[in-house]
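Peer 1: Dumping the structure here so I can ask a few things about it.
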Amino acid sequence: MRIQVTADGWLHHGKRRYRCALGRGGVRIDKREGDGATPAGLYPLRRLLYRADRLAKPESNLPLAKIQSTDGWCDDPSDAAYNRAVRLPYGAGAEAMWRTDGLYDLVVIMGHNDDPVVPGRGSAIFIHVASRDYGPTEGCVALARRDLLAILPHLASDSEIRIDP
C-alpha cells in the first residue's frame, strides 16, 4: 500500500483524502537537520510505536512496539546513533518520544535517512498525531488521531509514503 502526501497538506490513501500538517520549512528535496522541512521522496514505513497508557493496541500490519518513558531519538549529527532510537537520558542531543502533548501517542517511523544514515540529512521523520490546529511540524507528517487510526489497518512493512514537493 502506498500513501501520498502533497505539499498543500493532504494525505491520499486510496480514494480517501485526509488533511495533514507538514514541516514549518515546507517540503524540500534537499532536507537538512534543523531546517523544519518535510523531505520529498518515496520512503518505506518501518514500524508503528504507540502509547499503551493512552490507547489500546492499534490495528496495523506494521511491526508494533509500545513507547516507553525512556525512549528517545538521536538528533545529533555528530553522534554515532544519529537518526536512531536511543534510551534517555542520552549523552548527545535526543528527542523524547514520551510526550505529554499527545502528538506521539501514535508514531509511524518513516525510512528517511536510515539506510544508510547520512549525518546532517535529517532525523526523526515520522507520521504522528497532529495538533488541534494542524500547526506545522519540525519535518514530520501529522494527521488527526482518528484519521491516523483509520489508515493504520491498511499499512504493512511493504507500505510506502510518497511526499511530493
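Peer 1: State which residue is nearest to the chain's Cα centre (by Cα) when the search covers only the range 97-128 and only residues that are under 18 Å from ARG54 (Cβ atoms) and among the hydroxyl-bearing types (Ser, Thr, Tyr).
Peer 2: By that ranking, first place goes to TYR104.
Peer 1: If I go through the range 31-59 residue by residue, how many of them are assigned to a loop (DSSP other than H, G, I, E, B) and on the phi < 0 side of the Ramachandran plot?
Peer 2: Summing the residues that are assigned to a loop (DSSP other than H, G, I, E, B) and on the phi < 0 side of the Ramachandran plot in the range 31-59 gives 15.
Peer 1: Which residue out of PRO44, PRO77, PRO39, PRO63 is over 14 Å from CYS140 (Cβ atoms) and under 13 Å from the mean Cα position of the chain (by Cα)?
Peer 2: Selected residue: PRO44, the only one of PRO44, PRO77, PRO39, PRO63 that is over 14 Å from CYS140 (Cβ atoms) and under 13 Å from the mean Cα position of the chain (by Cα).
Peer 1: Are there any strands (runs of 3 or more DSSP E) wholly within the range 71-165 with 1 or more residues that are touching a Ser or Thr at 6+ places or on another chain (Cβ under 7 Å) and surrounded by 15 or more Cβ atoms within 10 Å (Cβ to Cβ), and if so which?
Peer 2: Result: 71-74, 141-143, 160-163.
Peer 1: Under 9 Å by Cβ, and 6 or more places apart or on different chains, what pairs join a residue from the range 46-74 that is free of Cβ contacts under 8 Å to residues at least 24 places away in the same chain and farther than 11 Å from TRP98 by Cβ with one that is in a loop (DSSP other than H, G, I, E, B) and not hydrophobic (A, V, I, L, M, F, W, C)?
Peer 2: Pairs found: LEU64/LYS57; LEU64/PRO58.
Peer 1: Against the conditions (1) in contact with a strand residue (DSSP E or B) (Cβ under 7 Å, 6 or more places away or on another chain); (2) touching a residue at least 24 places away in the same chain (Cβ under 8 Å), where does TRP10 fall short? Just the number, please.
Peer 2: (2)
Condition check ((1) out of contact with any Cys (no Cβ under 9 Å at 6 or more places or on another chain); (2) closer than 22 Å to TYR134 by Cα; (3) surrounded by 15 or more Cβ atoms within 10 Å (Cβ to Cβ)) across all residues:
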site: ARG2; (1), (2), (3): yes, no, no
site: GLY9; (1), (2), (3): no, yes, yes
site: HIS12; (1), (2), (3): yes, yes, yes
site: GLY36; (1), (2), (3): yes, yes, yes
site: ASP53; (1), (2), (3): yes, no, no
site: ALA56; (1), (2), (3): yes, no, no
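Values quoted throughout were computed directly from the atomic coordinates according to the rules given, and no laboratory measurement underlies them. Computed from a predicted structure; not experimentally measured. Positions of Cβ are generated from backbone atoms using ideal geometry, with glycine treated the same way; all protein chains shown enter the neighbour counts.
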